[in-house]
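Worksheet: one structure, shown below.
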Amino acid sequence: MKQIICALASFVFAAQADTRQTFTVGTATASRGQKVYGAIKVPAGSDAGYDIPVALVHGARPGPVLAVVAGSHGSEYASIMAVEDLIARVNPVELSGTLVLVPIVNIASFEKITPHVNPVDNKSMNRFYPGNARGTQTDRASFAVTKEVVEKCDHLIDLHGGDLDENLRPYSYWTVTGNQRQDEISRGMVLAFGLDHIIISRDRPKDPNASRFLENTASTRGKPSFTAEAGRSGPVDPNEVKTLADGVMRVMGHLKMTRQVAAPVRSPVWVEVVSVSADRDGMFHPAVDRDSHVAKGAKLGSVTDYLNRPLQDIVSPEAGIVMFVRALPSLRKGDTIASVGVVQSAPK
């Protein structure tokens with residue numbers, strides 16, 4: 001019965017096809033059957049403005065509007081390259097609906113190879129949504145993405161990966177909003193994407209005016225969405241790029257935007273995450289790899305001072321799966337050292 005309800009919800013949602021002959025995001029305006037390129041303008045304010053690149057694929061036939069965004073953290077390279085692949089791969093003549101592709105939100109991070117934050121104002125570009133037109137560059141960029149991408153789409157996928165200091169195993173996030181219909185649709189999307197580990201998020205903000213995260217900005221506005229992560233620690237693994245790009249293509253098939261058959265992942269591992277943060281500066285020495293299965297109290301690594309004198313052992317707060325562990329020795333107080341996924345029963 002649940003599968004029937006999920007399929008029906010997806011059908012009803014997909015049936016609400018966008019019938020506009022032209023579609024505009026930022027400076028990009030596409031007619032039916034066109035792929036065009038442009039920019040989402042972030043105006044200057046207390047600091048510099050800049051352009052966020054966008055590719056717009058307006059399908060030959062009506063259908064849903066799917067937005068795919070990457071590069072909120074500009075050194076999470078696999079996610080960025082996955083969107084680059086999609087820009088080349090998707091043919092508007094074969095598409096039903098509209099695909100909005102944003103490969104890099106955080107241009108300054110990408111250019112200056114800065115993990116986690118926008119070096120212009122030292123803010124994470126996935127923590128200040130829905131943004132503020134009068135704030136610093138991150139606030140203004142978040143505001144522009146909210147207006148030009150989130151508010152114009154029907155569904156959204158936010159792509160991430162392990163940053164320069166993160167040894168991460170691939171996984172998706174599925175947010176429970178409490179809206180049964182919306183949650184069924186987003187669950188169908190995340191299953192179609194195909195990653196075999198899914199984090200259940202139950203604690204996202206409910207206020208659309210204080211949504212913080214990009215995916216959450218979409219979900220609090222009634223748009224089914226999810227986050228997927230693959231790639232880690234700098235060098236780009238083509239297999240992880242392919243994992244993300246192929247996942248988006250499977251979601252497009254699930255939404256009837258393409259003719260691709262989207263078989264959902266069978267029996268994914270559902271987890272809830274507990275994180276371990278550093279309570280001092282030092283040098284981190286990992287004792288586990290990503291995807292390790294650990295017991296409660298198992299050693300995740302150790303911290304030494306700069307003369308290699310032991311300061312602290314880091315242990316797992318729960319039994320579970322290491323979703324990511326810090327990849328670099330440099331450690332500052334407050335840094336996340338590891339994230340452990342505690343296995344849950346499949347949500348009903």
### Query
What tally of residues in the range 222-246 results from selecting those that are under 18 Å from ASP291 (Cα atoms) and assigned to a strand (DSSP E or B)?
2
### Message
Exactly one of these conditions fails for ARG309: (1) out of contact with any strand residue (DSSP E or B) (no Cβ under 9 Å at 6 or more places or on another chain); (2) within 16 Å of VAL271 (Cβ to Cβ). Give me its number.
### Response
(2)
### Message
Just checking, does the range 153-163 include any residue being surrounded by fewer than 24 Cβ atoms within 10 Å (Cβ to Cβ), assigned by TED's automatic domain parsing to the domain that holds LEU191 and either touching a Cys at 6+ places or on another chain (Cβ under 6 Å) or outside any loop (DSSP other than H, G, I, E, B) (or both)?
### Response
no
### Query
Has the range 249-260 got any residue that is at pLDDT below 95, surrounded by fewer than 21 Cβ atoms within 10 Å (Cβ to Cβ) and closer than 23 Å to LEU101 by Cα?
yes
### Candidates ARG127, ARG181, ARG204, ARG134, filtered to the one that is of a type outside the set (Val, Ile, Thr), at negative phi, out of contact with any strand residue (DSSP E or B) (no Cβ under 6 Å at 6 or more places or on another chain) and in a loop (DSSP other than H, G, I, E, B)
ARG134
### Query
Mind checking which residues of the range 67-107 are more than 14 Å from the chain's Cα centre (by Cα), of a type outside the set (Ser, Thr, Tyr) and in a strand (DSSP E or B)?
GLY97, LEU99, VAL100
## Note on the structure
Every listed condition ((1) more than 15 Å from the chain's Cα centre (by Cα); (2) more than 25 Å from VAL325 (Cβ to Cβ)) holds for LEU164 save (2)
### Query
Going by the conditions given, is SER345 within 25 Å of ASP183 (Cβ to Cβ), surrounded by fewer than 17 Cβ atoms within 10 Å (Cβ to Cβ) and touching a residue at least 24 places away in the same chain (Cβ under 8 Å)?
yes
### Message
I'd like the full set of residues that are free of Cβ contacts under 8 Å to residues at least 60 places away in the same chain and under 12 Å from GLY26 (Cα atoms), limited to the range 141-161.
### Response
LYS147
### Message
Any residue at all in the range 185-194 that's in contact (Cβ under 8 Å) with a residue 24 or more places away in the chain and under 19 Å from GLY71 (Cβ atoms)?
### Response
yes
### Summary
Note on LYS256: of the conditions (1) in contact with a Phe, Trp or Tyr (Cβ under 9 Å, 6 or more places away or on another chain); (2) at negative phi; (3) basic (Lys, Arg); (4) assigned to a loop (DSSP other than H, G, I, E, B), unmet is (2)
### Message
Residues that are without any contact (Cβ under 8 Å) to a residue 24 or more places away in the chain and part of a loop (DSSP other than H, G, I, E, B): does the range 268-281 have at least one?
### Response
no
### Task
Name the residue, out of GLU215, GLU229, that is within 16 Å of GLU76 (Cα to Cα) and touching a residue at least 12 places away in the same chain (Cβ under 8 Å).
GLU229
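Please tell me if ALA141 is surrounded by fewer than 23 Cβ atoms within 10 Å (Cβ to Cβ), assigned to a helix (DSSP H, G or I) and out of contact with any Phe, Trp or Tyr (no Cβ under 7 Å at 6 or more places or on another chain).
Values: surrounded by fewer than 23 Cβ atoms within 10 Å (Cβ to Cβ): no; assigned to a helix (DSSP H, G or I): yes; out of contact with any Phe, Trp or Tyr (no Cβ under 7 Å at 6 or more places or on another chain): yes.
No; evaluated as a whole, the condition is false for this residue.
Tell me whether the range 292-315 contains one or more residues that are part of a loop (DSSP other than H, G, I, E, B) and closer than 16 Å to ASP163 by Cα. Lay out the reasoning, then the answer.
Pass one, the range 292-315, residues part of a loop (DSSP other than H, G, I, E, B): 292, 295-298, 305-309.
Okay, now just the ones that are also closer than 16 Å to ASP163 by Cα, so none.
There is no residue in the range 292-315 that is part of a loop (DSSP other than H, G, I, E, B) and closer than 16 Å to ASP163 by Cα.
The values are calculated or read from the model by the stated rules, or taken from the named source; none is laboratory data. Please read these numbers as outputs of a predicted model, since none were measured by experiment. All Cβ positions, glycine included, derive from the backbone under ideal geometry; neighbour counts span all protein chains shown.
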